[in-house]
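Here the structure is laid out as structure tokens; the discussion comes afterwards.
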Amino acid sequence: MSELRGVGIGLGVAQGPIVRMAEAMPAPENTPSIAGADAERARVRDAVSAVAKELNERGEAAGGSAQEVLEAQAMIAEDPTLQDEVDTRIDAGATAEWAVHDAFAGFRATLEAVGGYLGERAADLDDIAQRVLAHLRGVDAPGVPNPGHPFVLVARDLAPADTALLDLDQVLALITTDGGPTSHTAILAREKGIVAIVGVADGDVLTTGETVIVDAAGGVVTREPTDDEMARATERAAARRSADAAPLTPGALADGTPVALLANLGKPADAADAVARGAEGVGLFRTEFLFLSSAQAPTIAQQRESYRELLAAFPGKKVVVRMLDAGADKPLAFLNDAHEENPALGLRGLRALRASEDILREQLTALAEADAVTEADLWVMAPMVATVEETIYFTGLAREYGLKTAGVMVEIPASALLADRVLAHADFASIGTNDLTQYTMAADRMLGSVAGFQDPWHPAVLRLVREVGDAGTRLGKPVGICGEAAADPLLAVVLVGLGATSLSMAPSALADVRHALSARTPSEARSLAQAALAADDASSARNAVAALAAELPLHKKETTS
């Protein structure tokens, strides 16, 4: 028996034979075309059209977020600018294969240089290029294999479309050698409830056909497992399925101390799934979906209807709506189209909204009107707040529109360090761990080259969380967590130990986090938090907490009649 380690996603465990995903096709050689430019252009048009059609058809069959991902890929494949780049190379004498390869590579480099939201699309471009090249060559495109039996998939990483379309009846678990806890693969795996371990550095030694146990809770891949180990894994998987099927209860620690478990949502249509999974409300509603697909800001009426639909799904429950968080990775021409050398440190979030205050006021108007005709408990918050003055500005404006609960996102170290003064004016704080980690570690969360620094387990990040938690406790103000960190069951307990009063996450993560919290008392949560704070780095913090958790007894949550 031997073990490989990575970052587990969730608490699941699975076992089965490995099937490795094929590597990308080799690049074509740059040889002159003998067919002529017209014929080469026609071949590219046919291939691109076929690929776009296939992506749209697969998306329609998959539905949900997968459909959005694949439709976006189809649009990228048929982008006129990209087609012009291909034609330029063909006119210079290149073959269709080389023109596609070189044009897509150039386009990819451009997107990576821009970074942020557009930089994320660079990985999608590789997948599209491979599909077009495969069509030109008359071969199957590399992708998720279909061996005809359930299997554990091992890959370097997965394109978003691959992850979104995994057949959960066949893919028992996922192991990637690249990526981290906030990578797209990890986020989509968590959303789909896939047993996954990412960032398994030694994963290249795994071979097709060997049987492994994938223990996401421990972040361990066990090779050559014994019969006893496989039996225990089977028992754990069965127990977890039984727990998932148990009646839904509010989030709480073992002694009954409440910890509200809320959902992160991107559009009103996502509400039904969150309710079905036991979400006690919404901890983060991202309003960007209304803006990102538009050439101009949506009207008050359009916004009001979307907000009304969301609020109507949660009568009597808390719904936290984040004002438009644009700029940096989500640029909008009508909000801020000025070139910035480092947009992550530029005019984004509340800064951008203040510069275009009419958009902020229209959002607040629409929210107030939707609130008036629904029964949810509406909370509003401003993104990227850095100063006390910004806090006073936003909370005052929200109250001007009759919105009774106004808070701020803590994503910048400055607002965390001044949390007591910020919370003197705000009704609540919500910590966005993704950006807080990015700014604390000076590591762009969209850059793979610094992905190792983008880990919310880092003690420096957790110290800032403690600052906010302590301030909330002293002032009697709620402190929520709405970044990806809240979806990590072990880290969720630590965050509660640091003072978080609610946790918001992808709906599919609610069951695991609910289970993890119910097994720990408040004093144990604080002890685990102290173990993390005492570490020197993220890996040491995670390992120290896991080791201490293994020594502590598991409790059953107390119930009251």
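The values are calculated or read from the model by the stated rules, or taken from the named source; none is laboratory data. Predicted model only: the values in this text are computed from it and were never measured. Quick reminder, even Gly has a Cβ in these numbers, built from the backbone with ideal geometry, and neighbours come from all protein chains shown. Keep in mind that these areas ignore ligands, DNA and RNA; they rest on the heavy atoms of the full protein, side chains included. Shrake-Rupley method; radii C 1.70, N 1.55, O 1.52, S 1.80 Å.
Computed quantities for the displayed model
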{"quantity": "Residues of the range 360-378 satisfying the condition of being under 26 Å from the mean Cα position of the chain (by Cα) and more than 13 Å from A398 (Cα to Cα)", "calculated": "A376, D377"}
{"quantity": "Given (1) within 25 Å of L548 (Cα to Cα); (2) open to solvent by 20 Å² or more (accessible area, probe 1.4 Å); (3) hydrophobic (A, V, I, L, M, F, W, C), index of the condition L168 fails", "calculated": "(1)"}
{"quantity": "Which numbered condition V69 misses (of (1) free of Cβ contacts under 8 Å to residues at least 24 places away in the same chain; (2) open to solvent by less than 60 Å² (accessible area, probe 1.4 Å))", "calculated": "(1)"}
{"quantity": "When residues of the range 164-181 are limited to those that are farther than 13 Å from G12 by Cβ and in contact with a Pro (Cβ under 8 Å, 6 or more places away or on another chain), the one modelled with the highest pLDDT", "calculated": "Q170"}
{"quantity": "Hey, A443 assigned to a helix (DSSP H, G or I), in contact with a Phe, Trp or Tyr (Cβ under 7 Å, 6 or more places away or on another chain) and either buried (at least 24 other Cβ atoms within 10 Å of the Cβ) or without any contact (Cβ under 8 Å) to a residue 40 or more places away in the chain (or both) or not", "calculated": "no"}
{"quantity": "The range 417-437 - residue that is assigned to a helix (DSSP H, G or I) and surrounded by fewer than 24 Cβ atoms within 10 Å (Cβ to Cβ) and, of those, nearest to the chain's Cα centre (by Cα)", "calculated": "N434"}
{"quantity": "Wholly within the range 446-561, helices (runs of 4 or more DSSP H) carrying at least 2 residues that are open to solvent by less than 60 Å² (accessible area, probe 1.4 Å), at pLDDT 95 or above and within 28 Å of D270 (Cβ to Cβ)", "calculated": "459-475, 489-497"}
{"quantity": "Check on A42, modelled with pLDDT of 90 or more and either crowded, with 16+ Cβ neighbours inside 10 Å or not in a helix (DSSP H, G or I) (or both)", "calculated": "no"}
{"quantity": "Answer residue from the range 274-317, given it is surrounded by fewer than 17 Cβ atoms within 10 Å (Cβ to Cβ) and among the small types (G, A, S) and is farthest from the chain's Cα centre (by Cα) among those", "calculated": "A301"}
{"quantity": "Subset of the range 47-63 that is open to solvent by 40 Å² or more (accessible area, probe 1.4 Å) and touching a residue at least 60 places away in the same chain (Cβ under 8 Å) - its residue that is farthest from L166 (Cα to Cα)", "calculated": "E54"}
{"quantity": "Out of R190, R232, R240, sole residue that is without any contact (Cβ under 8 Å) to a residue 40 or more places away in the chain, among the basic types (K, R) and either open to solvent by 30 Å² or more (accessible area, probe 1.4 Å) or within 30 Å of Q438 (Cα to Cα) (or both)", "calculated": "R232"}
{"quantity": "Selection status of T222, under 28 Å from S504 (Cβ atoms), β-branched (V, I, T) and crowded, with 16+ Cβ neighbours inside 10 Å", "calculated": "no"}
{"quantity": "Contacts under 7 angstrom Cβ, first residue in the range 27-41 being among the basic types (K, R), partner open to solvent by less than 60 Å² (accessible area, probe 1.4 Å), 6 or more apart", "calculated": "R41/D87; R41/I90"}
